Each structure stands twice: as structure tokens, then as C-alpha cells.
1. Look at segment 77-116 and say how many of its residues are free of Cβ contacts under 8 Å to residues at least 40 places away in the same chain and not aliphatic (A, V, I, L, M).
2. Are any residues in segment 113-142 of a type in the set (D, E, K, R) and closer than 21 Å to K63 by Cα, and if so, which ones?
3. Among the residues of segment 131-146, are any surrounded by 21 or more Cβ atoms within 10 Å (Cβ to Cβ), of a type in the set (S, T, Y) and modelled with pLDDT of 95 or more?
4. Return the residue satisfying two criteria in turn: it lies in segment 111-124 and is of a type in the set (A, V, I, L, M) and part of a loop (DSSP other than H, G, I, E, B), and of such residues it is nearest to P138 (Cα to Cα).
5. Being within 18 Å of F148 (Cα to Cα) and of a type in the set (A, V, I, L, M, F, W, C) is the filter here, so list the residues in segment 43-73 that pass it.
6. Within segment 37-88, count every residue that is closer than 19 Å to R132 by Cβ and not polar (S, T, N, Q).
7. Would you be able to tell me the number of residues in segment 21-76 that are at pLDDT below 90 and of a type in the set (S, T, Y)?
8. Of everything in segment 70-110 that's part of a loop (DSSP other than H, G, I, E, B) and hydrophobic (A, V, I, L, M, F, W, C), which residue is farthest from the chain's Cα centre (by Cα)?
Amino acid sequence: MQNKLFCAILLCCSLFYTACFEKFDSGPQTAYQPVYASLEVLRSSVAVSTAKPLELTGKIYRKGDYIFINERYKGIHIIDNSNPELPINIGFITILGNLDLAVKGNFLYADSAIDLVTIDISEPLEAIEVSRTKNVFPQPVAPDNGHFPSIDNKIVVAWQE
């Protein structure tokens with residue numbers, strides 16, 4: 001009886017032990033390099049422009065007849081959704097280093113790398129930055145969790161694969 005119990009415990013332990021190892025994959029690996037911008041460029045980047053194609057999208061927020069879709073590291077698409085069967089991409093708000101957004105009332109809150117910007121979107125195609133809180137967020141980390149040194153007066157605003 002003790003022999004069977006010992007074998008069962010040994011079998012369970014060996015299963016748990018082998019489950020701890022990740023399978024080694026020698027296939028292609030992805031690496032990322034930082035894209036830098038000066039603080040001056042970062043802090044003057046918010047601007048509305050014509051519609052751009054959706055490529056690497058992230059967060060989505062609906063407000064009234066509009067949908068705001070994050071374009072990772074670049075800004076926010078403005079979509080006219082007054083006819084949900086035929087949404088129209090009508091504009092783009094450039095916000096360097098943007099990954100996240102939230103809306104409350106007529107204000108859109110977005111990260112711009114290390115800063116938090118507040119944008120008045122009461123007229124989305126005339127969106128305007130009304131405030132910027134500087135140095136709220138830490139320096140962005142690469143998607144593969146790689147870390148890169150800061151460069152004087154430069155901030156990571158995107159990652160290039």
C-alpha cells in the first residue's frame with residue numbers, strides 16, 4: 001500500500017515539476033526599438049486633421065453620434081456614427097504616445113506618453129487641448145517589457161517592431 005502511495009505522490013510531483021518549464025521556441029523573435037520625440041514636440045502634438053486609415057487600433061469610446069478609436073501611439077480617430085449602419089471616419093486627433101482614452105461630458109482625457117491631456121470635444125472636428133498635466137505617467141515600456149535608457153529631453157512616444 002505504501003509503495004502505491006509513494007508512486008502516486010512521485011507521479012503527481014513529476015507532473016507539476018514538468019509543468020513549470022516553458023517550451024523552448026527557437027522560431028523568430030520580435031524585438032522593439034523606441035521612437036523618441038522631444039518634450040517640445042510631444043507637448044505641441046495635439047491637433048485635429050483629416051481622417052486617417054485605421055491600422056493599429058486600441059481603445060474605443062462612444063459618445064452620442066461619435067465613436068472615438070485610439071490608434072496606438074498616434075492619436076484618436078473620430079467616427080461619425082449618426083447612421084450606425086454606415087459609420088464614417090471623419091477626422092483624427094493627433095496625440096503622440098497615446099494608448100488610452102476616457103470621456104466625461106464634453107471632455108476627452110488621453111495619455112500623451114508621460115502627460116495627461118484634456119481635450120474639449122464639444123465639436124469633435126474642432127477639438128482643442130484645454131489642459132495638460134505634465135509627468136503624470138512613467139516612461140512607456142516596450143511591448144516585450146524591454147527597457148531603454150532615457151535620452152535628455154526626449155520621451156519614448158512609440159515602439160517600432
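The values are calculated or read from the model by the stated rules, or taken from the named source; none is laboratory data. These figures come from a predicted structure and were not determined experimentally. Don't worry about glycine lacking a Cβ; one is built from the backbone with ideal geometry, like all the others, and counts go over all protein chains shown.
1. Qualifying residue count, segment 77-116: 16.
2. The answer is D120, E123, E126, E129.
3. So far as segment 131-146 goes, no, none of its residues is surrounded by 21 or more Cβ atoms within 10 Å (Cβ to Cβ), of a type in the set (S, T, Y) and modelled with pLDDT of 95 or more.
4. The qualifying residue nearest to P138 (Cα to Cα) is I114.
5. none
6. Looking only at that region, the number is 14.
7. 3
8. L86
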